[in-house]
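Bear in mind these aren't lab numbers, they're just calculated from the coordinates by the rules spelled out. As the structure is a computational prediction, the values presented were derived from the model and not from experiment. Methodologically, a virtual Cβ is constructed for each residue, glycine included, from the backbone with ideal geometry; neighbour enumeration extends over all protein chains shown.
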Amino acid sequence: MRRLPFLPTLPLCGALTLLSAASDGRARAIRRLGTVSSLAALALLTALVLPGLARAQTRSLSTQGQLLDRIAAVVNDGVVLESELDDRLKEVKAQLQAQGLTPPPDSVLRKQVLNSLILQQVQLQQADRDGITISDDTLNAALQQVAKRNGIAFADLPTALAQEGINYATYRDQMRDQLIIGLLRERDVLQRIVVTPREISQFLARQSRQPSAQSEYDVSHILIAVPSDATPTQIAGARQLADKVEQLAKAGKNFASLAVAYSNAPDALKGGDLGWRKGSELPTFMTNVIPSLKPGEVSAVLRTPSGFHIFKLNNVRRQGKRDIIEQVHVRHILLIPNALQDNATVRQRLEKLRQNILAGKIKFAVAAASTSQDPGSASQGGDLGWQSSSGYTPRFSAAIAKLKVGEISQPFQTRFGWHIAQLLGRRHYDETQEMKRLHAMEAIRASKADEETELWLQQLRDQAYVRIMSG
């Protein structure tokens, strides 16, 4: 049977398999407990699940207890359940076998999967503390995209998932968690990356001297992580392990299998696959390593603040150069829902604001400067300048694609919040030095993102209380 590629490829967003289709919501609530202790959580879990079984099992339960589940790990005030770990382990094994890879021993793979679930819990808890949520409208829009990519109607998605053995309610929870983590990373990592004019000038000068910047590289990667407060003994141990993995890789051991067994990177359970990367977007610490490799070659161990890295170049190809691009000139107003203003309230505010602008009671730029919650454009009257529509999120691009020049959109939602946008112009634009600098800035941001994300995840993990309850 054809395996549908339902899950989006977001890093470290493994599926959360819950106790059962009947108790998905209850199990999810237990794993997200705020101030309830882990023992209390287990007791509450039993209290929630047992009523559904009581009528059928009253007699048997009166004479002997029945173990419903175990806790695999305590993560701050939440838990990772054994059932969740076991189901995720089966899923990863099936994925590896589908790729033609031999899974490592269960003890090794189980540890990797548990670490992945712990990291996921840490991120979801951080998002919960920060009030980051995904509305049903946003979730449904993401699921509609999944259905569209698989060539089926949205209404048929539950049936298609059931044919693959996937519970639709559980799948919705998995998707929501992935979107929440993506939004958290966007806010805490990507939006905080700063690119200076000097970096852009240096990038352009380097690009003119390096043909490799015009190439794309298919790269795989293994990270042996080092805690931020590591002792010399821990650093030496990590280096020793990295040297061992490098020797195994260069001796012909399957690199993807080594990544699954040893890597601490978010992509470990995908065999360390980073996919195709433009030469100009390679992380800074990789720019001198990857272009020097031939396809199939493995790098020497490379030390960075996050740990020890080993890379493999799978393939390389030249980029096609695009001289003419289509640009749009847009301004917008962004409002972000919170505990005091839900989605409906924010949407109503934007609708009223739009009506006032159309009626001439207030100018768009004035409204944006006084109300928009986009720190990058509010002071500019909401003006986002000229840029390619592909530079926006898919939902934002789709909304402005429907507009005529001068028209103001109805309120629409993206992962950043609710917007109204006005299209100020369209043009076909020949790339100039200004545009090259814009592309350079985007490339530098992309090159910094991987390393910054690894350091951020390591920091979240170091700050969390984690207790492993099973081996």
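Worth a mention:
- Per-residue 3J(HN,Hα) values for region 229-234, derived from phi via the Karplus relation 6.51 cos²θ - 1.76 cosθ + 1.60 with θ = phi - 60°, read 10, 5, 7, x, 5, 5 Hz in sequence order (x marks Gly and Pro).
- Close amide H contacts of D383 (hydrogens built in the peptide plane, cut-off under 5 Å, sequence separation of 5 or more or a different chain): H332.
- Percent of Cα pairs exceeding the 19 Å cut-off, where the set is region 271-393: 67 percent
- Looking at region 172-283, the pairs of alpha carbons with a distance over 20 Å make up 64% of the total.
- Per-residue HN-Hα couplings for region 79-89 [Karplus 6.51, -1.76, 1.60; θ = phi - 60°; Hz; x = Gly/Pro]: 9, 10, 8, 4, 5, 5, 5, 4, 5, 5, 4
- Amide H partners (placed H, <5 Å) of R277, local residues excluded: Y217, D218, V219
- Sequence of Y465, Y429, Y392 once ranked by neighbouring C-beta atoms within 10 Å, starting from the fewest: Y465, Y429, Y392
- Relative contact order (%) - criterion: Cα under 8 Å, at least six apart; region: region 324-430: 44 percent
- log₁₀ of I(q)/I(0) at q = 0.11, 0.18, 0.24 Å⁻¹ - region 324-430, Debye sum with one point per alpha carbon: -0.31, -0.83, -1.43
- For region 284-289, putting each phi into the Karplus relation 6.51 cos²θ - 1.76 cosθ + 1.60 with θ = phi - 60° gives couplings of 3, 6, 9, 5, 9, 9 Hz, in residue order, rounded to whole numbers and with x for Gly and Pro.
- In this structure the amide hydrogen of L424, modeled in the peptide plane, comes within under 5 Å of the amide hydrogens of H329, V330, R331, G406, none closer than 5 places in sequence on its chain.
- Nitroxide proxy distance, nm - points 7 Å out along Cα→Cβ at K90 and A230: 3.6 nm
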